[in-house]
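The values are calculated or read from the model by the stated rules, or taken from the named source; none is laboratory data. These numbers come from a predicted model, not from an experiment. Don't worry about glycine lacking a Cβ; one is built from the backbone with ideal geometry, like all the others, and counts go over all protein chains shown. With ligands, DNA and RNA removed, areas are computed over all heavy atoms of the protein, side chains included. Shrake-Rupley method; radii C 1.70, N 1.55, O 1.52, S 1.80 Å.
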Amino acid sequence: MKILDGKKLSNTLKEEIKKEVSERLIQKKKQPHLAAVIVGDDGASLTYVGSKVRSCKQVGFLSTLIQLKSTISEKKLLNQINKLNKNPDIDGFIVQLPLPKHISEERVLLSIDPKKDVDGFHPTNFGRMALELPSFIPATPFGIIEMIKRYNIKTSGKNCLVIGRSNIVGRPISILMSQKKSYGNATVTTAHSKTKNLIKLTLNADIIISALGIPEFLKANMVKKNVVIIDVGITRVIDNTNPRGYTIKGDVDFTNVLKKAGFITPVPGGVGPMTIAMLLKNTLIACQRKD
Ligand code: NAD
């Protein structure tokens with residue numbers, strides 16, 4: 001068994017990005033600048049955005065955090081996005097989800113200039129990704145692919161089961177794993193809430209990418225020996241022994257599945273840190289495209 005150490009790998013990636021930024025600055029090229037828009041004061045969202053902004057500093061990017069009241073109208077939010085679209089100093093920006101119920105996520109995501117859409121959620125980027133054209137790949141699937149590449153995990157001809165079909169993880173990673181690329185060429189099955197007899201699929205899988213959000217859902221008796229496990233799930237589970245009052249759990253019963261797996265990502269410290277590193281990578285790419 002080998003642990004896929006996302007924390008360590010993300011630090012390596014950040015070092016590489018930092019080096020590229022230093023070289024850009026020596027060459028008097030533009031310093032990458034990421035902006036993040038957050039609406040409201042949801043604790044988890046603030047934590048995610050906070051770590052994204054801190055990571056910008058680590059690699060030498062400029063960053064701007066725009067925090068808006070949860071009562072802001074959709075029109076005002078769209079105006080704010082329009083300003084970011086037009087601001088030549090901003091290379092890329094993200095709008096942290098979820099948004100308050102009175103705001104249409106779809107309209108907001110559609111209003112982002114695809115050239116600055118470093119989350120890769122705009123239909124233009126999604127379509128280009130599916131067609132294997134240059135695009136921004138959503139940060140979590142991009143992080144999974146990078147992990148597969150760097151750990152030299154063989155995917156060609158393998159049975160890959162993706163659990164979950166969300167637009168931000170399950171669907172894009174299903175597409176990427178089936179593409180005719182060095183990290184792809186897998187035979188992909190996408191499972192979801194209506195899938196019947198999931199255990200038959202999990203036992204047949206050489207690679208399982210789980211993105212459903214049910215803590216410790218995948219048990220050791222559901223997987224075959226030497227399976228590759230990528231656990232995307234992040235759920236806060238009440239834990240009174242923890243000073244924060246909760247523990248973070250993945251979708252996989254890590255302690256027991258670990259004994260059977262060939263490769264496995266821990267939670268925390270697996271896919272999560274890779275996601276942030278790849279958001280930085282997308283921002284660097286956005287900046288480089290302007291050179
Ligand atoms: P989601 O929450 O939008 O949807 C969950 C998916 O799981 C759905 O497609 C549903 O069909 C499927 N599902 C539910 N029950 C199922 C079952 N019994 N069997 C099979 N499939 C089932 O998905 P999401 O936004 O991709 O999030 C999934 C998890 O990944 C969450 O825990 C989220 O917090 C986490 N996440 C982590 C990162 C990261 O950076 N590590 C990024 C995004 C999401």
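Pull out all pairs, ordered by first then second residue, where Cβ-Cβ is under 7 Å, the residues are six or more apart or on different chains, the first lies in region 133-152 and is modelled with pLDDT of 95 or more, and the second is among the charged types (D, E, K, R).
PRO134/ARG128; SER135/ARG128; PHE136/ASP117; PRO138/ASP119; ALA139/ASP119
Restricted to region 210-227, and to residues that are on the phi < 0 side of the Ramachandran plot, outside any helix (DSSP H, G or I) and away from the ligand (no atom under 15 Å from the Cβ), which residue is most open to solvent (accessible area, probe 1.4 Å)?
Among those that are on the phi < 0 side of the Ramachandran plot, outside any helix (DSSP H, G or I) and away from the ligand (no atom under 15 Å from the Cβ), it is LYS225.
Could you check region 158-189 and list, in sequence order, the residues that are part of a loop (DSSP other than H, G, I, E, B), within 20 Å of ILE214 (Cβ to Cβ) and open to solvent by 60 Å² or more (accessible area, probe 1.4 Å)?
If the condition is that a residue be part of a loop (DSSP other than H, G, I, E, B), within 20 Å of ILE214 (Cβ to Cβ) and open to solvent by 60 Å² or more (accessible area, probe 1.4 Å), then ARG165, ASN167, ILE168 are the ones that fit.
Answer yes if at least one residue in region 279-291 is part of a loop (DSSP other than H, G, I, E, B) and more than 18 Å from SER51 (Cβ to Cβ), and no otherwise.
yes
Conditions first: (1) surrounded by 16 or more Cβ atoms within 10 Å (Cβ to Cβ); (2) within 12 Å of the ligand (Cβ to nearest atom). ILE207 passes all but one, so which condition is the exception?
(2)
Of the conditions (1) assigned to a helix (DSSP H, G or I); (2) out of contact with any Gly (no Cβ under 8 Å at 6 or more places or on another chain), LYS260 fails just one. Which one is it?
Of the numbered conditions (1) assigned to a helix (DSSP H, G or I); (2) out of contact with any Gly (no Cβ under 8 Å at 6 or more places or on another chain), the odd one out for LYS260 is (1).
Report those helices (runs of 4 or more DSSP H) wholly inside region 23-114 carrying at least 3 residues which are open to solvent by 30 Å² or more (accessible area, probe 1.4 Å) and farther than 20 Å from SER135 by Cα.
43-59, 74-86
Answer with yes or no whether LYS52 is in contact (Cβ under 8 Å) with a residue 60 or more places away in the chain, among the basic types (Lys, Arg) and within 23 Å of THR124 (Cβ to Cβ).
So LYS52 fits the description; yes.
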